[in-house]
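Down below is the structure, laid out as structure tokens.
The values are calculated or read from the model by the stated rules, or taken from the named source; none is laboratory data. These numbers come from a predicted model, not from an experiment. Virtual Cβ from ideal backbone geometry, glycine too; neighbours counted across all protein chains shown.
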Amino acid sequence: MSTEKKAQIEALFRKQVEKDSNVKNAYLLVHSDKLNLHLNIAEGATGEVPVRGNPRITSLMVLSAAMVNLRRIAGYLCPQKSPEVPAAAAAAAAG
């Protein structure tokens, strides 16, 4: 598919999202091996963060790292207890 057609589809999608006030953000993924076509388009914003571009990627990376750290901290503060093994089963396993 020509670059001109891809640009036309992308412009139409962005125009449609901007026109509809009920749509806050939208994603369009189109893939066709037959037509040699792959489009991955995002438009709009979540709060003040745009759904595309470097600010979006940066915020996702920071939030992902923060979640990993919070889970690690929670693991240290509240370690999971191992299930208690009845005394008879422990003796049989040792014996």
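Just checking, which of 52, 72, 14 is modelled with pLDDT under 75 and either part of a loop (DSSP other than H, G, I, E, B) or surrounded by 10 or more Cβ atoms within 10 Å (Cβ to Cβ) (or both)?
Every option except 52 fails the conditions.
Within segment 19-39, track down each residue that is among the polar types (S, T, N, Q), part of a loop (DSSP other than H, G, I, E, B) and within 16 Å of residue 6 (Cβ to Cβ).
36 - this is the single residue of segment 19-39 that is among the polar types (S, T, N, Q), part of a loop (DSSP other than H, G, I, E, B) and within 16 Å of residue 6 (Cβ to Cβ).
Hey, among 66, 89, 93, which residue is at pLDDT 80 or above, hydrophobic (A, V, I, L, M, F, W, C) and not in a strand (DSSP E or B)?
Going through 66, 89, 93 in turn, just one is at pLDDT 80 or above, hydrophobic (A, V, I, L, M, F, W, C) and not in a strand (DSSP E or B): 66.
Please find, among 59, 32, the residue that is among the polar types (S, T, N, Q), exposed (fewer than 11 other Cβ atoms within 10 Å of the Cβ) and either at pLDDT below 80 or touching a strand residue (DSSP E or B) at 6+ places or on another chain (Cβ under 9 Å) (or both).
Only one candidate passes the filter, namely 32.
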